[in-house]
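The values are calculated or read from the model by the stated rules, or taken from the named source; none is laboratory data. Note that the coordinates shown come from a computational prediction; the quantities given were computed from them, not determined experimentally. Note: ideal-geometry Cβ built from the backbone for every residue, glycine included; neighbour counts use all protein chains shown. Just so you know, the surface numbers come from the protein's heavy atoms only, side chains and all, with ligands and any DNA or RNA stripped out. Shrake-Rupley method; radii C 1.70, N 1.55, O 1.52, S 1.80 Å.
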Amino acid sequence: MSQGRRDFLRKSAAVPSTLLLLAHVGAYGQPGALSATPACTDEHEPTRQQTPGPFFLPHSPQRVSLLEPGINGTKMVLTGRVSSTQCSAVSGALLDFWHADDGGEYDVDGFRLRGHQFADSEGRYRLETIVPGLYPGRTRHIHVTVQPPNGPILTTQLYFPAEQRNARDPLFDRRLLMTIDNGGKRKAAWFDFVLALT
Ligand SMILES: [Fe+2]
């Protein structure tokens, strides 16, 4: 890791939670009419910070899909938004993802299963990848850094629900659980990042 990046990370101060925007059925259980998006309050906790671990590499390629020939595993699409604790979209936020392959190995010689992208004008991002494999000592997880334009870097990890190893991983934090939908052709995951912007 470069000295500049270390300095930047040292100055980082972001912290916990997800923002779930749930569609509700209408009153009295009638399906159909969706309720309005819940009003924003200042009670949204920032997403919790976690260690980057030993496998972060700077200068990952810019790409929204980490899929490429030779990558095996269960495909998944991770989507979500980056917003502030005051619910404003963080347009242009830099998201840098990296994770283990299907066999639990990180590519430390190249950039397989590593990539960065920028959130759109509404703070939305979309990543195509595979479900990471397990490796000793850890439950299943995806590493990510999220940085607002000219702001501090949030470094964290995202977790999968219903993983047996979640209970035995001291780093596991349920506030960093993705919402997963297994019903489609590909696994769909969802996580919204909340940044403490000053
Ligand atoms: Fe890891």
Tally of residues being on the phi > 0 side of the Ramachandran plot, within 16 Å of the ligand (Cβ to nearest atom) and surrounded by fewer than 17 Cβ atoms within 10 Å (Cβ to Cβ) across the stretch 64-121: 2
Selection from the stretch 77-100 of residues that are within 13 Å of the chain's Cα centre (by Cα), part of a strand (DSSP E or B) and either under 14 Å from Asp120 (Cβ atoms) or touching a residue at least 60 places away in the same chain (Cβ under 8 Å) (or both): Val77, Leu78, Thr79, Gly80, Arg81, Val82, Ser83, Leu94, Leu95
Selection within the stretch 49-63 - open to solvent by 50 Å² or more (accessible area, probe 1.4 Å), within 16 Å of the ligand (Cβ to nearest atom) and either at positive phi or in contact (Cβ under 8 Å) with a residue 60 or more places away in the chain (or both): Gln49, Thr51, Phe55
Condition check for Tyr135: outside any strand (DSSP E or B), under 28 Å from Glu68 (Cβ atoms) and touching a Phe, Trp or Tyr at 6+ places or on another chain (Cβ under 9 Å): yes
Lone unmet requirement of (1) open to solvent by less than 70 Å² (accessible area, probe 1.4 Å); (2) hydroxyl-bearing (Ser, Thr, Tyr); (3) modelled with pLDDT under 95 for Thr37: (1)
Residue tally, condition assigned to a strand (DSSP E or B) and open to solvent by 50 Å² or more (accessible area, probe 1.4 Å), over the stretch 160-180: 1
Residues within the stretch 153-175 that are out of contact with any strand residue (DSSP E or B) (no Cβ under 8 Å at 6 or more places or on another chain) and within 16 Å of His116 (Cα to Cα), tallied: 0
Criterion violated by Gln157 - all others in (1) within 21 Å of His44 (Cα to Cα); (2) open to solvent by less than 40 Å² (accessible area, probe 1.4 Å); (3) touching a Gly at 6+ places or on another chain (Cβ under 7 Å) satisfied: (3)
Qualifying residue in the stretch 101-113 (condition: β-branched (Val, Ile, Thr) and in contact with a strand residue (DSSP E or B) (Cβ under 9 Å, 6 or more places away or on another chain)): no
Subset of the stretch 122-135 [within 11 Å of the ligand (Cβ to nearest atom) and open to solvent by 10 Å² or more (accessible area, probe 1.4 Å)]: Leu134, Tyr135
Check on Arg140, touching a helix residue (DSSP H, G or I) at 6+ places or on another chain (Cβ under 8 Å), among the charged types (D, E, K, R) and touching a residue at least 12 places away in the same chain (Cβ under 8 Å): yes
Residue count, the stretch 136-181 (criterion: within 14 Å of the ligand (Cβ to nearest atom) and under 21 Å from Pro61 (Cα atoms)): 9
